[in-house]
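The values are calculated or read from the model by the stated rules, or taken from the named source; none is laboratory data. All values reported here derive from a predicted model rather than from experimental measurement. Positions of Cβ are backbone-derived with ideal geometry, glycine not excepted, and every protein chain shown enters the neighbour counts.
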Amino acid sequence: MSVIDLLNESLQQKWKFKSTTKVQEEMIPAMLEGKDIVAESPTGSGKTLAYVLPMLHKLDGSKKRTQGLIVAPSQELAMQIVEVIREWSAGTNITVQQLIGGANMARQIEKLKKKPTIVVGTPGRLNDLARTRKLKLNEIEMIVLDECDQLLSRDYRVMVKSFIEGASPNRQVALVSATITDEIQLVASRMLKDPVRIKIKPEEMIKVGKVVHSFVKVEERDKTDALRKLANIEGIRGLAFINHLDQLLLKEMKLKYKNAKVVSLHAEMSKEQRKKSLEEFRNGEARILLATDLAARGLDIEGLTHVIHVDLPHTVEQYLHRSGRTGRAGADGEVLTLLSYKDEKNYRKLLRQVGQKPVQKVIYKGQLIEGNANTIAKKVRDPHDF
């Protein structure tokens, strides 16, 4: 029997996938039983439906009160979750409202008066609405923290704890993320009641594409030009990570000046600007999307061929979080690092910890090919050999 058979008829009829994923198999029954959960599962493994479907099964849209709360660290992830809920709740009496920063608060307050069954929001806006009692936390029966490693970091921890403590005494709480550190696990155990721990390894996912881990050696000052060249390569759809916002803005300005096919996503953009960037990237007008880690949290972009580490990640968790966005749903992908000489030692250490042997590549004549400087020298010397 499939875990989908545990859900109501409406949800069963909407299920069109051939099979469930490992995290869905483990998480759906536990949520239906009302247990608190800490679930660690790779990016692209079906975590959203693993908690959305039990919520839609358990919550009662005929009761005029807000019963479900989903917290996400970024506006984009919150909006994606809302779209999933709208799709799966269509034709039922369950309603959903997004409560994100950057949107009109007065309008959100008006919509809250209609008592949506589920609200999905970012921590700052949810905190503002809860403090002014516009969002009545004591009525909340189910809470999900998506990307919980981010939400339970020191930046948001106090806020998020107040959401959980302010909810109904009989609340159910589920935490999900691609990576959960020991620190986050400890914090979670203090906030939750005897939580079920679910951990899915990448090899347990179905339809995992082949992912190549590669690097191009480049001077720090030449990284912007390397991005320009990559943006000119036919067939590339790359999500490029930059560690600091000021560097992202500088690179974006230089690349746009040279008419490179790039767009960006960062915290200082308005909701409309962010939406426009994502649309241009999704429809192929731009080949590379420049982003910071926070801005790209939870982004689900189909057909992503490359994850590009413009700046080396600081931790293995950060490397895996970024890299998990390619090679999804059976498609192959590539994780490319623009490797400056000062970062070589740390890069080798990271890749050993990840368990990957990287391939060196070069950008040559509008192509990304396997090789190094000697490869190019040989091509120039003996062009007919290639």
Take region 1-30 and flag every residue that is among the polar types (S, T, N, Q) and buried (at least 17 other Cβ atoms within 10 Å of the Cβ). THR20, THR21, GLN24
Of (1) surrounded by fewer than 17 Cβ atoms within 10 Å (Cβ to Cβ); (2) under 22 Å from SER162 (Cβ atoms); (3) out of contact with any Lys or Arg (no Cβ under 6 Å at 6 or more places or on another chain); (4) not hydroxyl-bearing (Ser, Thr, Tyr), ILE109 fails just (3)
Looking at (1) at positive phi; (2) at pLDDT 90 or above, which one does LYS365 not meet, given that it meets all the others? (2)
For region 45-58, state whether one or more residues are without any contact (Cβ under 8 Å) to a residue 40 or more places away in the chain and either in contact with a strand residue (DSSP E or B) (Cβ under 9 Å, 6 or more places away or on another chain) or assigned to a helix (DSSP H, G or I) (or both). yes
Could you tell me whether ARG171 is assigned by TED's automatic domain parsing to the domain that holds ASP36, free of Cβ contacts under 8 Å to residues at least 60 places away in the same chain and not polar (S, T, N, Q)? yes
Would you confirm whether any residue within region 116-137 is modelled with pLDDT of 90 or more, assigned to a loop (DSSP other than H, G, I, E, B) and farther than 21 Å from TYR156 by Cα? yes
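Within region 113-134, which residues are in contact (Cβ under 8 Å) with a residue 12 or more places away in the chain and out of contact with any strand residue (DSSP E or B) (no Cβ under 7 Å at 6 or more places or on another chain)? Show your work before the answer.
Within region 113-134, the first condition is being in contact (Cβ under 8 Å) with a residue 12 or more places away in the chain, and the residues that meet it are 114-130, 134.
Across region 113-134, the qualifying residues are LYS114, LYS115, THR122, GLY124, ASN127, ASP128, ALA130, LYS134.
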Working carefully through the options ARG322, ARG287, ARG352, find the one that is surrounded by 15 or more Cβ atoms within 10 Å (Cβ to Cβ) and modelled with pLDDT under 90. ARG322
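Can you tell which of GLU268, GLU272 is surrounded by fewer than 16 Cβ atoms within 10 Å (Cβ to Cβ) and in a loop (DSSP other than H, G, I, E, B)?
Details: GLU272 fails: in a loop (DSSP other than H, G, I, E, B).
Being surrounded by fewer than 16 Cβ atoms within 10 Å (Cβ to Cβ) and in a loop (DSSP other than H, G, I, E, B) holds for just one of GLU268, GLU272, which is GLU268.
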Report yes if some residue within region 179-195 is at pLDDT 95 or above and either under 28 Å from PRO42 (Cβ atoms) or over 18 Å from the mean Cα position of the chain (by Cα) (or both); otherwise report no. no
The condition of being within 24 Å of LEU77 (Cα to Cα), part of a helix (DSSP H, G or I) and in contact with a strand residue (DSSP E or B) (Cβ under 9 Å, 6 or more places away or on another chain) holds, among ALA174, ALA226, ALA188, only for ALA188
